[in-house]
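Colleague: Below you'll find the structure I mean.
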Amino acid sequence: MTRYYKWMADGKPIYAAGSYAPPGEWQPRIEGELTACRRGYHILTWEQVPYWCGTELIEVEAQDVEIERDDKCVCRTWREVKRYRWSRDDMVAYAQWCASRAKKYAALASRTDAALASRTDATDATFAARSAAIYTTRAVADAAYAAYTARDTDATDATNAARAAAIYTTRAAYAAADAYIAYAADVADAADAAHAAVYAVRSTRDAAGYARDAAGYARVAAGMEADERVVQRMWIEARIGETLCE
């Protein structure tokens, strides 16, 4: 049986009005055609948990899960079966941690851009580095806003800010990966040039080295794109002291 999870803002929906039934009780069943973001209850698989954020994290039992998307699932009813050790303070700490990672990605993209600029046309890397810086600025601002608004009675704004910090951190990771890809492409071009020079110097050492570097940069970029959500989930798991399961 698939296990599902849900974020809440002070026990209430994050993006809708009203309140939920007490723990253990089923939510009013929704009939008719379900539509994501319009009709139906949003729930999450363990892999989807980092796509959202809130002041409370619970595990739910769901019935009739009819829609499955990359970032959410939609069901007709659910009930709370477990509440994790997570609070507003944890949410703010998470947002601030995400912002710190975004800073690292921006610095990495900038260094890659600088390395590439000394070799050839750095348009792609420059754009990626600029994007990483922009996303990092947004992540830091959202983390600060989450910390500020977490003091309010209404947790919705703080929750949205914390989620945005995580989103912009992931985008900063993508941008840093793009810079790596640009660098890998340049190194690959150098590998081709080295191969062409083999006939003149009778040595494949340089060609092999460039090719190896290009492959390495490409692997790092792919990992950065795929792993940031995993790292975010692992941080959440460490914070609650439990592992989220399928």
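Colleague: Can you sort Glu80, Glu33, Glu237 so the residue with the fewest Cβ neighbours within 10 Å comes first?
Modeller: Ranked by crowding around the Cβ, least crowded first: Glu33, Glu237, Glu80.
Colleague: Another question about this same structure. Pull up all non-local amide H partners of Asp10: gap of 5 or more, or a different chain, and H-to-H distance under 5 Å with H placed in the peptide plane.
Modeller: Here the answer is Thr55, Glu56, since their amide H atoms fall under 5 Å of that of Asp10.
Colleague: Further, regarding this structure: Going highest first, how would you order 65-75, 48-58, 163-173 by mean Cβ packing within 10 Å? Walk me through the numbers before you get to the answer.
Modeller: On the way: 65-75: 15.5, 48-58: 23.1, 163-173: 25.3.
With the highest mean Cβ count within 10 Å placed first, the list reads 163-173, 48-58, 65-75.
Colleague: Return, ordered by residue number, the residues of region 12-32 whose backbone nitrogen is under 17 Å from a label point located 7 Å along Cα→Cβ of Ile240.
Modeller: The answer is 12-14, 23-24.
Colleague: With θ set to phi - 60° and the Karplus curve 6.51 cos²θ - 1.76 cosθ + 1.60, what are the ³J(HN,Hα) couplings of region 14-28 in order, to the nearest whole Hz, using x for Gly and Pro?
Modeller: 7, 10, 8, 7, x, 9, 9, 5, x, x, x, 9, 6, 6, x
Colleague: Please list the non-local residues whose amide H lies under 5 Å from the amide H of Lys82, H modeled 1.01 Å from N, same-chain partners needing a gap of 5 or more.
Modeller: Glu59
Colleague: In whole Hz, with x marking every Gly and Pro, tabulate ³J(HN,Hα) for region 134-144 from phi via Karplus 6.51 cos²θ - 1.76 cosθ + 1.60, θ = phi - 60°.
Modeller: For region 134-144, the Karplus-derived couplings read 5, 5, 5, 4, 5, 4, 5, 5, 5, 5, 5 Hz, x marking Gly and Pro.
No lab work stands behind these numbers, since they all come straight from the coordinates. No experiment lies behind these values; they were computed from the predicted model shown. Cβ atoms come from the backbone with ideal geometry, glycine included; neighbour counts cover every protein chain shown.
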